[in-house]
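Only one structure is covered here, and it is reproduced in the block below.
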Amino acid sequence: MQGRPIRALTLGHGPRRVLFIGGIHGDEAEGSYTTAELPAAFTTAGLSDRVTLTIIEDANPDGREAKTRANANGVDVNRNFPAPNFDPTDPMNGGTPLSQPESRTVYRLIEEIDPDLIVVMHSWHDRQFINFDGPARQTADRFAATSGLPLTASTEFAPTPGSLGSYAGRDRKRPVLTIELRRGSDPKADWQQIRGALLEAIGG
Ligand SMILES: [Zn+2]
């Protein structure tokens with residue numbers, strides 16, 4: 001940890017609780033434009049009475065600064081959550097769950113908020129799609145239909161032990177929506193494409 005703050009912003013005061021995470025892999029900055037635009041769009045959409053939205057601007061600010069997937073300790077924050085499938089054998093996973101300040105911060109916020117939906121921004125090397133963990137199938141289907149991003153099943157990926165989706169989605173049974181933008185894409189075009197679907201998902 002190099003002392004960079006993990007900043008969170010809470011908007012609205014409605015009963016539905018949503019946590020949006022702008023990024024967790026430092027070399028996947030594509031979601032930052034969407035993260036910056038979201039507060040105004042949320043307010044304009046009139047969701048404040050229905051939803052309390054907490055936005056974590058960036059869960060891995062040291063990695064973002066260094067443009068590395070991992071944090072300053074060389075740990076993949078998205079493998080350091082206390083899921084039953086946590087894998088202690090790979091040093092990149094951090095040895096024990098929640099050994100990293102970034103994962104501890106996100107974990108504490110999830111426990112505190114107990115969100116009805118978690119949305120996480122990532123990017124993928126050659127294409128855009130969405131993915132989900134936990135009871136988020138309907139939300140993911142609707143997001144795919146509105147945005148045009150294809151829904152890709154978790155079974156198409158390598159296992160993700162100790163991921164946020166494993167912990168919050170599969171273990172805690174919270175709907176987790178993962179948005180994968182295409183690496184190097186135009187962030188303004190991405191925002192235009194996913195804006196409606198994102199507000200729809202947040203509104204519930
Ligand atoms: Zn990622």
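The values are calculated or read from the model by the stated rules, or taken from the named source; none is laboratory data. The structure displayed is predicted, hence computed values, not measured ones. All Cβ positions, even for glycine, are placed from backbone atoms using ideal geometry, and neighbour counts span all protein chains on display. Surface areas here come from the heavy atoms of the whole protein model, side chains and all, with no ligands, DNA or RNA. Shrake-Rupley method; radii C 1.70, N 1.55, O 1.52, S 1.80 Å.
Residue by residue, here is whether (1) among the aromatic types (F, W, Y); (2) without any contact (Cβ under 8 Å) to a residue 40 or more places away in the chain; (3) open to solvent by less than 50 Å² (accessible area, probe 1.4 Å) holds:
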| site | (1), (2), (3) |
| --- | --- |
| E156 | no, yes, no |
| T160 | no, no, yes |
| S163 | no, no, yes |
| A168 | no, no, yes |
| R174 | no, no, no |
| I179 | no, no, yes |
| G184 | no, no, no |
| D190 | no, no, yes |
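If you take the residues of the stretch 16-42 that are in contact with a Pro (Cβ under 8 Å, 6 or more places away or on another chain) and open to solvent by 10 Å² or more (accessible area, probe 1.4 Å), which of them is farthest from the ligand (Cβ to nearest atom)?
Checked the stretch 16-42; the qualifying residue farthest from the ligand (Cβ to nearest atom) is R17.
Looking at the structure I just gave you, is T146 modelled with pLDDT of 95 or more, polar (S, T, N, Q) and either farther than 19 Å from L198 by Cβ or crowded, with 20+ Cβ neighbours inside 10 Å (or both)?
Details: modelled with pLDDT of 95 or more: yes; polar (S, T, N, Q): yes; either farther than 19 Å from L198 by Cβ or crowded, with 20+ Cβ neighbours inside 10 Å (or both): no.
So T146 fails the test.
Within the stretch 56-94, how many residues turn out to be more than 17 Å from I110 (Cβ to Cβ), open to solvent by 40 Å² or more (accessible area, probe 1.4 Å) and either part of a loop (DSSP other than H, G, I, E, B) or in contact with a strand residue (DSSP E or B) (Cβ under 6 Å, 6 or more places away or on another chain) (or both)? Give the derivation first.
Narrowing the stretch 56-94 to residues more than 17 Å from I110 (Cβ to Cβ): 61-76, 85, 87-94.
Next, only the ones that are open to solvent by 40 Å² or more (accessible area, probe 1.4 Å) stay: 64-69, 72-73, 85, 87-92.
Next cut, either part of a loop (DSSP other than H, G, I, E, B) or in contact with a strand residue (DSSP E or B) (Cβ under 6 Å, 6 or more places away or on another chain) (or both) only: 67-69, 72-73, 85, 87-90.
Total meeting the criteria: 10.
Quick check on T52: is it farther than 22 Å from S147 by Cβ, open to solvent by 10 Å² or more (accessible area, probe 1.4 Å) and either assigned to a helix (DSSP H, G or I) or of a type in the set (S, T, Y) (or both)? Please lay out each step first, then the result.
Values: farther than 22 Å from S147 by Cβ: yes; open to solvent by 10 Å² or more (accessible area, probe 1.4 Å): yes; either assigned to a helix (DSSP H, G or I) or of a type in the set (S, T, Y) (or both): yes.
It is true that T52 is farther than 22 Å from S147 by Cβ, open to solvent by 10 Å² or more (accessible area, probe 1.4 Å) and either assigned to a helix (DSSP H, G or I) or of a type in the set (S, T, Y) (or both).
Go through the stretch 131-153 and give me each residue that's within 16 Å of R174 (Cα to Cα) and of a type in the set (S, T, Y).
T139 - this is the single residue of the stretch 131-153 that is within 16 Å of R174 (Cα to Cα) and of a type in the set (S, T, Y).
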